[in-house]
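The values are calculated or read from the model by the stated rules, or taken from the named source; none is laboratory data. Because the structure is predicted, anything quoted here is derived from the model rather than measured. Positions of Cβ are backbone-derived with ideal geometry, glycine not excepted, and every protein chain shown enters the neighbour counts.
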Amino acid sequence: MVNLRNHNTRNENGFTLIELVMAVAIIGGSFLSLLYLRTDAVDRAFAYNQERMIQRLSREKLDEVVFGIEEALEGELEVPGKSQLWSWRAELSDISTEEIGPRLLEIRLILEVPDLNNDSYNEKEISTRVLAAEDHPLATFAQSNSGFDNGLGF
């Protein structure tokens, strides 16, 4: 019996070069996508933590102004863990509707924060309203700077 074999057939037990190149390209693309997602997540987490720190520091300074711990209405704020000083200022407004009695004060704190991407500064603002006795130093200061005007010409 004669066995006829075709000696030109390929061995079908392996991968071709094109299949290997395509597999490496797919794995590389997947790896780059995952790397981008990770980098983006780290950037967003850093920005979130920076914003939380700004909010916390500005709230603490605003509370110090409101409760009379901080006597000045402007100054420099030391940033924990960094060798930076951020400028801040507070603005007081008497928004009372009555001429006598407790004063309704609005206190705005403006904090100058360095921008993460360049050397400029951004202003972050936070405000609160407090009810203060007529003889409270903040009420006296707000009345002396703005004067009382209820819009009726009194």
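Apart from one condition, ASN122 fits all of (1) modelled with pLDDT under 90; (2) under 15 Å from VAL66 (Cβ atoms); the exception is (2). Just to be sure I understand, how many residues within the stretch 83-134 are assigned to a loop (DSSP other than H, G, I, E, B) and more than 15 Å from SER58 (Cβ to Cβ)? Matching residues across the stretch 83-134 total 17. Of all residues in the stretch 80-117 being under 28 Å from ARG44 (Cα atoms) and in contact (Cβ under 8 Å) with a residue 40 or more places away in the chain, which is surrounded by the fewest Cβ atoms within 10 Å (Cβ to Cβ)? Residue satisfying both the conditions and the ranking: LEU116.
Scanning the stretch 57-72 for residues that are farther than 18 Å from ALA133 by Cβ and in contact (Cβ under 8 Å) with a residue 60 or more places away in the chain, we see that the one that is surrounded by the fewest Cβ atoms within 10 Å (Cβ to Cβ) is ARG59.
The residues of the stretch 103-117 that are in contact with a His (Cβ under 9 Å, 6 or more places away or on another chain) and of a type outside the set (A, V, I, L, M) amount to a single one, ARG103. Taking ILE54, is it exposed (fewer than 11 other Cβ atoms within 10 Å of the Cβ) and modelled with pLDDT of 85 or more? In short, no.
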